[in-house]
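Accompanying notes for the structure given below.
The values are calculated or read from the model by the stated rules, or taken from the named source; none is laboratory data. Because the structure is predicted, anything quoted here is derived from the model rather than measured. Cβ sites come from the backbone with ideal geometry, for glycine too, and all protein chains shown count toward neighbours. Remember, those area values only see protein heavy atoms, side chains included, never the ligands or the DNA or RNA. Shrake-Rupley method; radii C 1.70, N 1.55, O 1.52, S 1.80 Å.
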Amino acid sequence: MSVSSATTEVVDPVPGAEAPHLPQQPDLVQLLTPEGERVEHPEYSLDLAPDELCGLYRDLVLVRRWDVEATALQRQGELGIWASLLGQEAAQIGAGRALQPGDMAFPTYREHGVAWTRGVDPLDVISLFRGVDNGGWDPVATGFNLYTVVIGAQTLHATGYAMGLQRDSAETATIAFLGDGATSQGEVNEAMIWAASFSAPVVFFCQNNQYAISVPLERQSRVPLYQRAAGFGFPGVRVDGNDVLAVLAVTRAALQAAREGQGPTFIEAFTYRMGAHTTSDDPTRYRLASELEEWKLRDPIARLKAHLSRSGAADAAFFDSVEAEADELAVRIRRGTVEMPDPPGTAMFDHVYAEQTPHLAAQQAEFEAYQASFEGGEH
Amino acid sequence: MAAQTLTIGKALNLGLRKAMEDDAKVVLMGEDIGRLGGVFRITDGLQKDFGEDRVVDTPLAEAGILGTAVGLAMRGYRPVCEIQFDGFVFPAYNQIVTQVAKIHARSRGKLAMPIVIRIPFGGGIGAVEHHSESPEAYFAHTPGLKVVAVSNPVDAYFGIQQAIAHPDPIVFLEPKRRYWEKAEVDPDTTPEPLFASRVVRGGDDVTVLAYGPMVKTALQAAEAAAEEGRSLEVVDLRTLSPLDLDPVFDSVRRTGRCVVVHEAAVTLGLGAEIAARVTETCFHSLEAPVLRVGGYDTPYPPSKLEEEYLPDLDRVLDAVDRSMGF
Ligand SMILES: Cc1ncc(C[n+]2csc(CCOP(=O)(O)OP(=O)(O)O)c2C)c(N)n1
Ligand SMILES: [Mg+2]
């Protein structure tokens, strides 16, 4: 077991660092620098009107406010747990806004930003984390599947859904969200094999936020994640996940390729989980504060704000109005959460099957009689 | 180590530490078990003291954890695999059921599989989906695997060491909602055998069987029943495969009544097997059918409903009433 030190020494996953056996670390696809400067990319262009840019800014600010409010609600005992998207807003809004109405998204448990772009009510996401249900939204109506907690399982679902689209000659695509850690799961690798084998119209959108709970990326991969795609036989691209414009452009292109029958693409959105893994986690046990400080400089919202101000696309009144809207949203989320009714006990017996079996019906009746016995003072 | 008051979690931690000190072949594997010490901190500090080769933060891949554990076991190591939560054992289920369980028989005893699969199991912690399950019957149903469930710090401390030293693969179930329960652990006492059930409270009227997190619930029920003049005998099953039912049969022959309690869904749960065996062996002593108290036959519900789903003191007492009423 002592061989590991010799081999790990040559592996350095830090972009740009010496790693002679590895392919050159790539540049990120970037359209907006961390300083907010708009730059061009030879392969990905994006031409947005000022109001579209402002729309993206509004999305980013509102989902962050939602997230901050949810974290606070968890701290106050109103939610069982919360998985924060802090720092990943641009990756999620960029990907979500690249989708068209008929497309189908398959999220993990952290895609609140994508949920937002699909018109899912924040309270329908909050209800899951409050323990009221497993997500209150309609996956069919929203084009946004329910959250999947078991790491990687949804990537196969997305692929199968895409295979269905092929059979229906539908001009839509699917997008599967996954984390950097998820890329290690067997099922994720199977999904990529299937997608390649059938040239399925699916985009694998991997938010590399550098950690799977406490485990850093280098435990999952010796190569940049987007390079995995080549081995499966489809294109992979690494995009600056904190640049909403680049993410939008790259994801749009990948979805369009899928719709046109060119098969899957793997997108690695290079980003950082600014918060804890969830509210149950304590990141001080495994990462340095300096790392966080470094990533703060690449904040996805600050750079768009800088660009909007500098280019004159938005003025102070606009920023104020978004702030005010965020305040309102926070109030609505707080009130809606605190006032959210508990489900009735019988809810657990609902929808177990298309039609309740006689056995389960009898069990439910027993349950109800038992519950009622407390009201009658029998106990 | 002197006798001291420990939580179940700390007892496991110290038991793992002792097992690693005693045998250099013991290797811990799992997600986040190294620097973080596991999401429940059961392996806290072990990587620091034993190094990254013996406390392995694995890639995020449960099939990989169990599959490589098989190879390590073939190489003479004793892998102790942590599955982060009960609901995440299923990517590894193939390896556990088709490989870990069968290799000893397949190789006609040439290959040993001394693998311990630690799983924090059961509900009651207010978690989201897949974090509150009781998958024990899947494993107890699989020949070649052994399954134990601990309920207290003493069994946790000794049991994890016994499991690691044992030659067969063992699914080692830890009652996650009881990780913080405390008791005095004296490392110098002689531990009870791993594969033995134990009467934890004597009584005459009804025999109540439980394991893992439900032992405490059964004991609370016995306490409450005593106030009403009813005397419950509580047995901590401790081992689910093989079952050790002789103490249960002795008890039921005296009480004539038996109630089995577990969090897992009632249908085809451990209670079904136990009811069958108790009925076969103690038929003439029984005053009432063996009754089962367990989860309903529904997916584990969202946490706002788990109190209603999980057996509690009242549901145990209700079954006791029904048993007495026969
Ligand atoms: C099959 C499975 N194993 C373990 C877990 C526990 N778990 C939840 S999140 C997580 C880390 C996921 O990391 P990553 O894929 O990078 O996504 P991120 O949380 O960083 O967004 C783990 C191990 C799980 N949910 N499912
Ligand atoms: Mg991650």
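Structure summary
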{"read-out": "Filter result for A:Tyr286 (buried (at least 17 other Cβ atoms within 10 Å of the Cβ) and over 22 Å from A:Arg64 (Cα atoms))", "value": "yes"}
{"read-out": "Hits in segment A:63-72 (condition: within 24 Å of B:Val39 (Cβ to Cβ) and crowded, with 21+ Cβ neighbours inside 10 Å)", "value": "A:Asp67, A:Ala70"}
{"read-out": "Matching residues in segment A:68-105 - criterion: being part of a helix (DSSP H, G or I) and within 16 Å of ligand 2 (Cβ to nearest atom)", "value": "A:Glu89, A:Ala90, A:Ala91, A:Gln92, A:Ala95"}
{"read-out": "Qualifying residue in segment A:77-94 (condition: surrounded by 24 or more Cβ atoms within 10 Å (Cβ to Cβ) and within 14 Å of another protein chain (Cβ to nearest Cβ))", "value": "yes"}
{"read-out": "Test result for B:Ile119, touching an Asp or Glu at 6+ places or on another chain (Cβ under 8 Å), crowded, with 24+ Cβ neighbours inside 10 Å and in the same structural domain as B:Ala101 (by TED's automatic domain parsing)", "value": "yes"}
{"read-out": "In segment A:268-282, the residues that are within 12 Å of ligand 1 (Cβ to nearest atom) and within 11 Å of another protein chain (Cβ to nearest Cβ)", "value": "A:His277, A:Thr278, A:Ser280, A:Asp281"}
{"read-out": "Segment A:162-189 - residue that is more than 14 Å from ligand 1 (Cβ to nearest atom) and of a type in the set (Asp, Glu) and, of those, least open to solvent (accessible area, probe 1.4 Å)", "value": "A:Asp168"}
{"read-out": "Of all residues in segment A:129-143 being touching a residue at least 24 places away in the same chain (Cβ under 8 Å) and β-branched (Val, Ile, Thr), the one that is nearest to the other protein chains (Cβ to nearest Cβ)", "value": "A:Val132"}
{"read-out": "Condition met for A:Val114 (at pLDDT 95 or above, of a type in the set (Val, Ile, Thr) and closer than 30 Å to A:Val237 by Cβ)", "value": "yes"}
{"read-out": "Selection count, segment A:225-261, where residues are out of contact with any helix residue (DSSP H, G or I) (no Cβ under 9 Å at 6 or more places or on another chain) and either within 14 Å of another protein chain (Cβ to nearest Cβ) or farther than 24 Å from A:Gln166 by Cα (or both)", "value": "2"}
{"read-out": "Residue within segment A:96-117 that is within 14 Å of chain B (Cβ to nearest Cβ), open to solvent by 30 Å² or more (accessible area, probe 1.4 Å) and over 21 Å from A:Arg273 (Cα atoms) present", "value": "no"}
{"read-out": "Residue within segment A:144-159 that is within 14 Å of chain B (Cβ to nearest Cβ) and small (Gly, Ala, Ser) present", "value": "yes"}
{"read-out": "Residue in segment A:204-218 that is away from ligand 2 (no atom under 16 Å from the Cβ) and either in contact with an Asp or Glu (Cβ under 7 Å, 6 or more places away or on another chain) or in contact (Cβ under 8 Å) with a residue 24 or more places away in the chain (or both) present", "value": "no"}
{"read-out": "Residue list for segment A:118-147, restricted to those being open to solvent by 20 Å² or more (accessible area, probe 1.4 Å) and among the polar types (S, T, N, Q)", "value": "A:Asn134, A:Thr142, A:Asn145"}
{"read-out": "Filter result for the condition that a residue is open to solvent by 20 Å² or more (accessible area, probe 1.4 Å), within 16 Å of ligand 2 (Cβ to nearest atom) and more than 20 Å from B:Thr239 (Cα to Cα), over B:Leu72, B:Leu60", "value": "B:Leu60"}
{"read-out": "A:Gln227 open to solvent by 20 Å² or more (accessible area, probe 1.4 Å), modelled with pLDDT of 95 or more and either within 11 Å of ligand 2 (Cβ to nearest atom) or of a type outside the set (Asp, Glu) (or both)", "value": "yes"}
{"read-out": "Segment B:239-269, residues that are farther than 20 Å from B:Val316 by Cα and polar (S, T, N, Q)", "value": "B:Thr239, B:Ser241"}
{"read-out": "Any chance B:Asp321 is more than 20 Å from B:Ala149 (Cβ to Cβ), surrounded by fewer than 18 Cβ atoms within 10 Å (Cβ to Cβ), out of contact with any Phe, Trp or Tyr (no Cβ under 7 Å at 6 or more places or on another chain) and within 11 Å of chain A (Cβ to nearest Cβ)", "value": "yes"}
{"read-out": "Test set (1) away from chain B (no Cβ under 13 Å); (2) among the hydroxyl-bearing types (Ser, Thr, Tyr); (3) within 16 Å of ligand 1 (Cβ to nearest atom) - A:Ser197 fails condition number", "value": "(3)"}
{"read-out": "Residue ranges of helices (runs of 4 or more DSSP H) in segment B:24-142 with at least 2 members more than 11 Å from chain A (Cβ to nearest Cβ) and at pLDDT below 95", "value": "none"}
{"read-out": "Criterion (within 24 Å of B:Val150 (Cα to Cα), of a type in the set (Lys, Arg) and open to solvent by less than 60 Å² (accessible area, probe 1.4 Å)) met by exactly one of B:Arg238, B:Arg292, B:Arg277", "value": "B:Arg238"}
{"read-out": "Selection within segment A:164-177 - more than 16 Å from ligand 2 (Cβ to nearest atom) and under 9 Å from A:Val202 (Cα atoms)", "value": "A:Ala173, A:Thr174, A:Ile175"}
{"read-out": "Scan of segment A:253-283 for residues that are more than 24 Å from A:Ile93 (Cβ to Cβ) and open to solvent by 50 Å² or more (accessible area, probe 1.4 Å), ordered by number", "value": "A:Glu260, A:Gly261, A:Gln262, A:Ser280, A:Asp282"}
{"read-out": "Residues of segment A:329-379 classified as in a helix (DSSP H, G or I) and surrounded by 13 or more Cβ atoms within 10 Å (Cβ to Cβ), total", "value": "20"}
{"read-out": "Number of positions in segment A:283-308 that are away from every other protein chain (no Cβ under 14 Å) and in contact (Cβ under 8 Å) with a residue 24 or more places away in the chain", "value": "13"}
{"read-out": "Members of segment B:166-225 that are without any contact (Cβ under 8 Å) to a residue 40 or more places away in the chain, of a type in the set (S, T, N, Q) and crowded, with 18+ Cβ neighbours inside 10 Å", "value": "none"}
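To keep it simple, each residue is scored yes or no on (1) acidic (Asp, Glu); (2) within 15 Å of ligand 2 (Cβ to nearest atom); (3) touching a residue at least 24 places away in the same chain (Cβ under 8 Å).
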| site | (1), (2), (3) |
| --- | --- |
| A:Pro122 | no, no, yes |
| A:Ser127 | no, no, yes |
| A:Gly179 | no, yes, yes |
| A:Glu190 | yes, no, yes |
| A:Ala195 | no, no, yes |
